[in-house]
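Every number in this text was worked out from the coordinates using simple rules, so none of it is lab data. Because the structure is a prediction, the values reported are computed rather than measured. Using ideal geometry, Cβ is built from the backbone for each residue, glycine included, and neighbour counts are taken over all protein chains shown.
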Amino acid sequence: MFDQLLGNSNYYDFPSFEVAVYSLLLSFVLSAVIALGYRWTFTGDRFPKHFFRAIVLSSTVSSMVIMAVGNNLAAGFGIIGAIAIIRFRTLVRDPRNIIFIFASLSVGIATGVYGYAIALAGTAIFCGVAVLLHYSPFGLSRSLDIELSFVSADAESAKAVESQLQGEQLKFKPVRYRQAEDLGLRYVYRLSVGADLDQKGLFERLTLLPNIRDIRLSIAEEVEL
């Protein structure tokens, strides 16, 4: 079927309009499947919709670039130069996010060189492994990192917070402290707690401590793209 569609032309250098549309549409569909796999296996509190869109769009762009380059060495160097001008400032801290983006780019590359079987098989196996790991013991999240910050007028009040955390058998470590806007220091702690911790109850108990104000509790997870 593909031989009839491609014809006898040198399609690696000059793909026909039909071949280009088919490759781009296939890359879009497969990257959408990868993005849905990411959504299905996502375990954070706030789902990054912008990252979901990036997964879907990246394969289409990479497929178009690969088809545009073809076997043209000069075009390849031109593409590298154009990409070098773009400064990507977004920091991806979660290795899982990098893998999903790379999977989408790989689908685009495969469809760009007309390796449709590779793109289909790779997408199916990648999504299957991602779901399998999600439901395996390696994908279960039994602990949660929480960032606790507060302003204290003196060191003794900060020690009272540490005593409260120790009394509740919570694992914690000081991260940093800095001068607050007014008198006092802002202390920041990293807490490792169970996923079933009553964060509201912990916040209310901390507010009862003397000389402690501006208490903040937040999920200390990596920035999601």
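For region 99-165, the mean projected area of the C-alpha convex hull, equal to one quarter of the hull surface, is 7.7 nm².
Taken one residue at a time, the phi angles of region 198-213 give Karplus couplings (6.51, -1.76, 1.60, θ = phi - 60°) of 7, 5, 5, x, 4, 4, 5, 5, 6, 5, 7, 6, x, 6, 10, 9 Hz. Gly and Pro are set to x.
Here the calculated FRET efficiency for Val113 and Glu147, from their Cβ-Cβ distance with R0 = 35 Å, stands at 0.15, rounded to the nearest 0.05.
For a Förster distance of 45 Å, can you work out the FRET efficiency between the beta-carbons of Leu185 and Leu132, rounded to the nearest 0.05? For R0 = 45 Å, the calculated efficiency reads 0.45. The alpha-carbon of Lys159 sits under 28 angstrom from the alpha-carbons of these lysines, leaving out residues fewer than 8 places away in its chain: Lys171, Lys173, Lys200. Shown in residue order for region 22-28 are the 3J(HN,Hα) couplings computed by the Karplus curve 6.51 cos²θ - 1.76 cosθ + 1.60 at θ = phi - 60°: 4, 5, 5, 5, 5, 4, 5 Hz (x for Gly and Pro). Full extension of the chain segment joining Gln169 with Asp94 gains 24.2 nm, where the gain is 0.36 nm per residue of separation less the Cα-Cα distance.
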